Amino acid sequence: MAKKKTLIAYFSCSGRTKARAGEIQGLVQGDLVEIKPKKAYSKEDLNWKDKESRSSLEMANPKSRPEVQALEEKIKDYDRLLIGFPIWWGVAPHAILSFLDQEDLGQVEVYPFASSGASPIEPAVENLKGMYGDKVNIKEGRLFNTEVTKEDLEGWLE
Ligand SMILES: Cc1cc2nc3c(=O)[nH]c(=O)nc-3n(C[C@H](O)[C@H](O)[C@H](O)COP(=O)(O)O)c2cc1C
C-alpha cells in the first residue's frame, strides 16, 4: 500500500499550537491528530511562576514523562510527521518526550514546529536531537507565532 503523505500531531494547552496545526493541515492536506495528555493540564498546572506547579515540576525533572494517549494512527504509514508543541522553559514539553518514547516512528521524517511567547525553536530541536537523534529522523524545525502561510511551508518542507 502506498504511504499516506503527512501526519500532523500537536500538543497544545491554550490553543495557539493547535491553531497553527490546523493552518498547516489546510495547506499540506495531511491528517491531523492531537497528542493528548492522559491528565489534562489545568490553568494552575501551567503557571510557570509557581515552582511547584505541575509544569514547573515536570520541566525541572529530566526524567518526567507525563502520560499521553497512544495514537490510533500508525506513524510508519506516513512519509513524514510534523510535530507541534508550545515552547516550555525554552524546550519541548515533556509530553512530547513521552510521545517520542512511546510511538514507533521508524525512519519517518520528523519536522518539529512550535509556538512560543518569544523563544526560538532551535534550542528545543537541538535538545530533541540530542535525546532522540540516533533513533528518530529529526529535521529542521520552524517557529510559527503568526498564521502559517504557503510560503512558510515551502521554505521549510520542500
Ligand atoms: C509552563 C510554560 C512554560 C513556558 N515557557 C516559555 C518559554 O520558555 N519561552 C517562551 O517564549 N514562551 C514560553 N511559554 C509560552 C508558550 O510557549 C506560548 O504561550 C505558547 O504559544 C502556548 O501554546 P499552546 O496555546 O499551544 O499551549 C510557556 C508557557 C507555559 C505554559
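What follows draws every value from the coordinates through simple rules; no lab data is involved. Values in this document were obtained by computation on a predicted structure and should not be read as measured data. Virtual Cβ from ideal backbone geometry, glycine too; neighbours counted across all protein chains shown.
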Beta bridge orientation in segment 1-92: antiparallel %, DSSP, nearest 5: 15
Positive-end residue of L7, V33, A70, charge dipole of the chain with Cβ unit charges: A70
Most to least packed among 75-82, 125-132 [average Cβ atoms within 10 Å]: 75-82, 125-132
Span from the segment 144-158 Cα centroid across to the segment 78-103 one, whole angstrom: 19
Helix-only [θ]222 nm of the chain, DSSP H runs n ≥ 4, -39500 (n - 2.57) each, per residue, nearest 500: -9000 deg cm²/dmol
